[in-house]
Amino acid sequence: MNELLRAIPKVTELYDLPEVSDLREHYAPSSVTEWIRTVLEQLRSAILSGEVTTLPTLEELGDRICRVAARESLPSLRPVINATGVILHTNLGRGCLSDRAADAVYDIARGYSTLEYNVEAGHRGSRHDHVEKLLCRLTGAESAMVVNNNAAAVMLILSTLAQGGEVITSRGELVEIGGSFRVPDIMELCGCHLREVGTTNKTHLSDYERAIGEQTRALLKVHTSNYRIVGFTESLPLSDIVALGCRTGLPVVEDLGSGSLVDLEHYGIHDEPTVQNSIRAGVDVVSFSGDKLLGGPQAGIILGKKPYIDRMKRHPLARAIRVDKMTIAALWATLTTYQDLHRAEQEIPTLAMLAVSGEDLRASAAQLCALLKERGVAAEVVAQSGPVGGGSVPTQLLPTFAVALPADKLSPNQAEQALRCREKPIIGRITEGRLLLDVRTIFPEDMEYIADTAAEVLA
Ligand SMILES: *Cc1c(COP(=O)(O)O)cnc(C)c1O
């Protein structure tokens, strides 16, 4: 063993190999040296563990160095195929932009733009102006602004309207979104005092009324987007809170979470409020995410009465959480599509994946199955149901179709891992001991790649 260890080639020897000349040409010497060290480290531990008893050839080592280089040069953030069926998959980047939105990002990212420039007047403009009109037209709101995400939107709203005072919220709505975003903590961070009213399952008008006092600055309603309280329950409809706000002169704020612009009843999804409904009910300020049910880029959209929105635009926090030009480009393109609902349903992936019919899903699954069979993989179409994801619509499952891969050569766990560890990973899900590829979230242009890869992995 010691002899083997002593015979391991030196870094400099490997550096000069013809097999790594390509690497030498394209990468810094320090990177190439690091990849060589990685390969030598692996070799050394394999010798020490007894796994390796004869040294590989220099040529083989050169190939290993190239493979390590290829692996380490892959971007950490890169595309994957979502075969989980979960449309708003938090770990896989929530939703996907429409082609129109992605093209808009590309155009704006590559050059100078009117981000803060008013071309007619020839002087400074505001980045808030680009999507405000469109947002107002689509939702009926008086005024609008956009920030980095909805968590930031809620912070800006509370900091602007209620710093140093109390905010009244129902005990049934003290949401934790995930990570460390919890309504009570956010209040504290914004310098507001949370005044909880009611109980977990029931909150009445009189609970709000009794809590209002000198220190009250706002009434907050939070959409329990990622959970539901069912059974013996009562919560105050937004319109009643708005009426109370009017009587007492307090602003009514709503954190809508997902913020859909279309009534999801169309797709068989119940009880998910629309943004327009909140505006119609007379809410003073409402906020929601750009990248949940809306299907746009990550953003926090704030709508409401002009005096409130104006104050938020001037708040110092607004500068810290502002959106960049790529987000504005993508959001504008997404919102424009909503002017024609039919088109929105076809072009915006999130909506298209919600709207797709069971028949179309079955046909896609059959197509993938056929592609796999052509390649010798005995797959099977199975009916399934799955969640929308992204902390939306928590109690409803959408009926869907998937392809079950055979488990004769690899176990479902081994196959899942093999598909996941590709350069373009395929993320499936294991249900009842079978590896499933749910077609709801698979793009048609990826079908061939999936079939090729699965056939290769399962061969
Ligand atoms: C998702 C969500 C948020 C956070 O939105 P991000 O855009 O992820 O920052 C805040 N409140 C509610 C109710 C949510 O559902």
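The values are calculated or read from the model by the stated rules, or taken from the named source; none is laboratory data. It should be emphasised that the depicted structure is a prediction, and the values quoted were computed from it without experimental measurement. FYI the Cβ positions are ideal-geometry reconstructions off the backbone, even for glycines, and counts take in every protein chain you see. To get the accessible areas, we keep the full protein, side chains included, count just its heavy atoms, and leave off ligands, DNA and RNA. Shrake-Rupley method; radii C 1.70, N 1.55, O 1.52, S 1.80 Å.
Worth pointing out:
- Accessible surface of the chain, 1.4 Å probe, proportion on carbon and sulfur as whole %: 50
- With Cα atoms, 0 to 90° folded angle of helix 129-139 axis to the chain main axis: 70
- Full extension of the chain between T233 and A211 yields a length gain of 5.9 nm, computed as 0.36 nm times the residue separation minus the alpha carbon distance.
- Cleavage-rule hits (trypsin sites (Lys or Arg not before Pro)) in region 104-181: DSSP loop, at most 14 neighbouring Cβ within 10 angstrom: R110
- In plain terms, the chain from A70 to E3 could stretch by 21.0 nm, reckoned as 0.36 nm per residue minus the Cα-Cα distance.
- Loop GluC sites (Glu not before Pro), region 355-459 (other Cβ atoms within 10 Å of the site Cβ: 13 or fewer; DSSP): E423, E432
- With contributions of -39500 (n - 2.57) from each DSSP H run of at least four residues, the per-residue ellipticity at 222 nm computed over the chain stands at -12500 deg cm²/dmol.
- Cα centre as origin, Lys/Arg/Asp/Glu Cβ charges: region 2-72 dipole, Debye: 220
- Total charge dipole magnitude, the chain, about the Cα centre, Cβ charges on Lys, Arg, Asp, Glu only, Debye to nearest 20: 1140
- When both bridge partners sit in the chain, DSSP labels roughly 60% of those beta bridges antiparallel.
- Against the main long axis of the alpha-carbon atoms of the chain, helix 358-374 sits at an angle near 10°.
- Each of K202, K424 has its accessible area taken with a 1.4 Å probe; listed largest first, they run K424, K202.
- Between region 162-223 and region 1-33, the Cα center-to-center distance that results, in Å: 62
- Entries in K221/K313; K202/K313; K373/K424; K221/K305; K221/K306; K202/K305 that, when Cα-Cα distance is taken, lie over 26 Å: K202/K313; K202/K305
- In a DSSP loop and with at most 12 other Cβ atoms within 10 Å, the GluC sites (Glu not before Pro) in region 120-192 are E120.
- Ligands, DNA and RNA are left out, and with a 1.4 angstrom probe the accessible area of the chain is 49 Å² per residue.
- Length gained when the stretch K133-D63 is fully extended (0.36 nm per residue, less Cα-Cα span): 19.4 nm
- Legend: calculated FRET efficiency, D240 to D185, from the Cβ-Cβ distance at R0 = 25 Å, rounded to 0.05, equals 0.35.
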